[in-house]
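The values are calculated or read from the model by the stated rules, or taken from the named source; none is laboratory data. It should be emphasised that the depicted structure is a prediction, and the values quoted were computed from it without experimental measurement. Because the Cβ atoms are built from the backbone with ideal geometry, glycine has one as well, and the counts that use them run over all protein chains shown. Calculation scope for accessible area: heavy atoms of the full protein, side chains included, ligands and nucleic acids excluded. Shrake-Rupley method; radii C 1.70, N 1.55, O 1.52, S 1.80 Å.
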Amino acid sequence: MSAANRKVLNVLNGATVSPPPIWLMRQAGRYLPEYRQTRQQAGSFLDLCYSPELATEVTLQPIRRYAFDAAILFSDILVIPDALKRNVRFTEGHGPQMDPIDADGISGLSENGILDHLKPVMQTVSRLRQALPQETTLLGFCGAPWTVATYMIAGHGTPDQAPARLFAYQHPDAFLRLLDFLADVSADYLVAQIDAGADAVQIFDSWAGVLGEAEFEKFCVRPVARIIRSVKSRRPSAKIIAFAKGAGVMLKTYRQKTRADAIGLDWSVPLSFAADLQKDGPVQGNLDPMRVVAGGAALTEGVDAILQALGNGPLIFNLGHGITPQANPDHVTDLVNQVRRNG
Ligand code: CP3
């Protein structure tokens, strides 16, 4: 079997594949007992991200269990602020924390040494491409500038990213400089992942949904378009999925303006609208992760509705956001079986 059989890659090239390929955002994670064990062995979460051996192991765990059609590199979007020496830490029960950045901090940011710091991640990518079955697509990723910037400004997670929204109104020039800087660094990082063996990459803009129309254009569309333009100018065959959570009706122009090959859909995107978006190109999504926690009829009905609406076009089956720690691993088995049986 060769790369030609990589179903996720084929969908990214515009093909309709039946049944559709499936992978899940956050598929390596705390819902799996084997992840929790390796996580404990690693010490801190960032130690796990920077250990090529252990990061490879946790990436492969869900592939062994479920034979997903894609593996996603195990890392985090916040390794970029970590490489920028923002003192990133993940403490149990607190989510991510780092030193909040201000306008002075933004003017002092430097690209020096970032890719050196991230070398272990590229080593993980190379190991993964060697270790994975030929037919499994290997995905690299980065955070979108807006989403990464929200954590850098606040210094921690917030319910609505009010600190970054406020900073952007008060310091528009510094904020745009931060987004451009992150876009350029992220493009270099994605190119490095592709060169190390990633078949395609995903850009996570998990906080796109908290912005008004004008800000969505400036803070999400423009920086993601800048990343994609930069990556594709250097690696013209690169395939890129863009996931802008909560972008809703804005997704129609988002694909055209960013030139993403596929767009990720969260579960709030109506399936009729998703089918319309699919006429312009491949879509990925969009099962509510809570249906995987619930299992049973909630799971079956959700999967069926997606297959019915989107199964006859280019679709990568996925959740509408990351799988949660409460998900039952047996429900994931049911999900995969149902997609492969009925899709
Ligand atoms: O999808 C995968 O399996 C690949 C790995 C991956 C992780 N984070 C592992 C992780 C990916 C692609 C991410 C992306 C990420 N990280 C995003 C964008 C996607 C999304 O889910 O919105 C964001 C916003 C982050 C930042 C982040 N990392 C937060 C807010 C948290 C804490 C929340 C939580 O779930 O605890 C993390 C930690 C994190 N990243 C964990 C994992 C498996 C849990 C930490 C642990 O194991 O202790």
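Where in the chain lies the longest segment free of GluC sites (Glu not before Pro) that are both loop residues by DSSP (not H, G, I, E, B) and have at most 16 other Cβ atoms within 10 Å?
112-343
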Electrostatic dipole magnitude of the chain [Cβ: Lys, Arg +1; Asp, Glu -1; Cα centre; debye, to 20]: 720 debye
Which of H156, A274, G108 sits closest to the plus end of the dipole of the chain, meaning its Cα is farthest towards the positive end, when Lys and Arg get +1 and Asp and Glu get -1 on the C-beta? A274
Rounded to the nearest 20 debye, dipole of segment 94-141 from Cβ charges on Lys, Arg, Asp, Glu: 420 debye
Taking protein heavy atoms only, a 1.4 Å probe, and rounding to whole percent, the accessible area of the chain owed to carbon and sulfur comes out at 49 percent
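Test of the criteria: in segment 61-136, which trypsin sites (Lys or Arg not before Pro) are in a DSSP loop and have at most 16 other Cβ atoms within 10 angstrom of their Cβ?
Working: sites: R64, R65, K85, R86, R89, R127, R129; in loops: K85, R86.
Answer in residue order: K85.
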Cβ charges +1 (Lys, Arg) and -1 (Asp, Glu), total dipole of segment 61-150, debye: 420 debye
Under a crude label model (7 Å from the Cα following the beta-carbon direction), how far is N112 from D99 in nanometres? 1.6 nm
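For the chain, what is the relative contact order in percent, using Cα pairs closer than 8 Å and at least 6 residues apart in sequence? It would help to have the intermediate numbers written out before the result.
Working: 631 pairs, mean separation 74.5, N = 343.
The normalised contact order for the chain reaches 22 percent.
Determine the alpha carbon to alpha carbon distance for each of K119/K279; K218/K239; K7/K218; K85/K252; K7/K252; K119/K218 and list only those over 28 Å.
Numbers: K119/K279 39 Å; K218/K239 23 Å; K7/K218 34 Å; K85/K252 37 Å; K7/K252 25 Å; K119/K218 31 Å.
Beyond 28 Å: K119/K279; K7/K218; K85/K252; K119/K218.
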Enter the accessible area of V125 (Å², nearest 10), with the probe set to 1.4 Å and all protein chains included. 0 Å²
Most to least accessible of D173, D99 (protein chains only, probe 1.4 Å): D173, D99
Once Lys and Arg get +1 and Asp and Glu get -1 on their Cβ, which of A192, Q170, T147 lies farthest toward the positive end of the dipole of segment 145-260? A192
Per residue, what accessible area does the chain have, given a 1.4 Å probe and all protein chains present, in Å²? 40 Å²
